[in-house]
1. Any residue at all in the stretch 134-142 that's under 22 Å from Val163 (Cα atoms) and either hydroxyl-bearing (Ser, Thr, Tyr) or more than 15 Å from the chain's Cα centre (by Cα) (or both)?
2. If the requirement is being more than 20 Å from Gly195 (Cα to Cα), part of a helix (DSSP H, G or I), of a type in the set (A, V, I, L, M) and modelled with pLDDT under 90, which of these qualifies: Met121, Met125?
3. Mind telling me which of the residues Val101, Val200, Val105, Val188 ends up being part of a loop (DSSP other than H, G, I, E, B), closer than 28 Å to Thr4 by Cβ and not hydroxyl-bearing (Ser, Thr, Tyr)?
4. Quick one: how many residues across the stretch 132-157 are closer than 19 Å to Val187 by Cβ and assigned to a strand (DSSP E or B)?
5. Looking at (1) more than 24 Å from Gly141 (Cβ to Cβ); (2) assigned to a loop (DSSP other than H, G, I, E, B); (3) without any contact (Cβ under 8 Å) to a residue 12 or more places away in the chain, which is the one condition that is false for Val41?
6. Name the single residue that is nearest to His25 (Cα to Cα) among those in the stretch 174-199 being without any contact (Cβ under 8 Å) to a residue 60 or more places away in the chain and touching an Asp or Glu at 6+ places or on another chain (Cβ under 7 Å).
7. Anything in the stretch 49-68 that is in a loop (DSSP other than H, G, I, E, B) and of a type outside the set (S, T, N, Q)? List them, or say none.
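The values are calculated or read from the model by the stated rules, or taken from the named source; none is laboratory data. Note that the coordinates shown come from a computational prediction; the quantities given were computed from them, not determined experimentally. Please note: Cβ atoms are built from the backbone with ideal geometry, for glycine as well, and neighbour counts cover all protein chains shown.
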Amino acid sequence: MRITVIGGSGRTGRLIVEQLLSNKHAVVATIRSTRHMADLVKLGAEVQLVDLDKSEFDVIVNAMKGSDAVIFAAGSAAGETSELDRKGTLRTVRAAEKAGVPRYVSISSIGASTGLSTRSMDEEMKDYYRQKRAAAKHITGSSLKWTIIEPGQLTDEPGTGKVTMTEEALDIGPIPRADVAAVTVAVVEEPRTAGHVYQVIGGQTAIDTALEALLGK
């Protein structure tokens, strides 16, 4: 497949790019800064400069043209409001529809779809979840074959290839970014995951086994 990864230079996005390329997919990685371009090109990705807040809409559309799927792995950077998560999702969903890309996979945050209480969170985290939940409405209300992945607390530990994965509420737990990337790749490669929202944290079940168990229900 040809897959556009939004946020391809981020800590999770880059791992997704690496794993997609390892699985012989053609990858278009969008980045906001040219300083990441050489590294991604060296990996074997095509690179497009896209700023989800400032780029013209057609620039986003052009980054997706000819792709079979879009993976949204972008997020607000330090010093930015979480509004970019919602706005970026809305713009990329609309761009995917205009570009004729059928498939859209988004990485959100654990509990965003399962009613996780934000009462005890600080205002920054409350806003983060408000924006993630608004973003999900843009996705699920679209014409795309969508899947949303809601991982727990992201760590930079090496991946284990093993997770706990469900469509029901999970307690917040850690998960390596590498395993989130592996789940994302498994999901985008499996068309039966369309229309589902998955909670995922570190666990004891191999990713393919965990996903197949959910799909077999």
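1. First pass over the stretch 134-142, keeping only residues under 22 Å from Val163 (Cα atoms): none.
No, that holds for no residue.
2. Numbers: Met121 fails: part of a helix (DSSP H, G or I).
Result of the check over Met121, Met125: Met125.
3. On the way: Val200 fails: part of a loop (DSSP other than H, G, I, E, B); Val105 fails: part of a loop (DSSP other than H, G, I, E, B); Val188 fails: part of a loop (DSSP other than H, G, I, E, B).
After applying the criteria, what remains is Val101.
4. Qualifying residue count for the region: 8.
5. For Val41, the failing item is (2).
6. Ala186
7. Of the residues in the stretch 49-68, the ones in a loop (DSSP other than H, G, I, E, B) are 50-56, 65-68.
Correct list: Val50, Asp51, Leu52, Asp53, Lys54, Glu56, Lys65, Gly66, Asp68.
Residue-by-condition table, conditions (1) touching a helix residue (DSSP H, G or I) at 6+ places or on another chain (Cβ under 7 Å); (2) within 25 Å of Glu83 (Cα to Cα); (3) surrounded by fewer than 18 Cβ atoms within 10 Å (Cβ to Cβ):
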{"residue": "Lys132", "(1), (2), (3)": "yes, yes, no"}
{"residue": "Ser142", "(1), (2), (3)": "yes, yes, yes"}
{"residue": "Gly152", "(1), (2), (3)": "no, yes, no"}
{"residue": "Thr164", "(1), (2), (3)": "no, no, yes"}
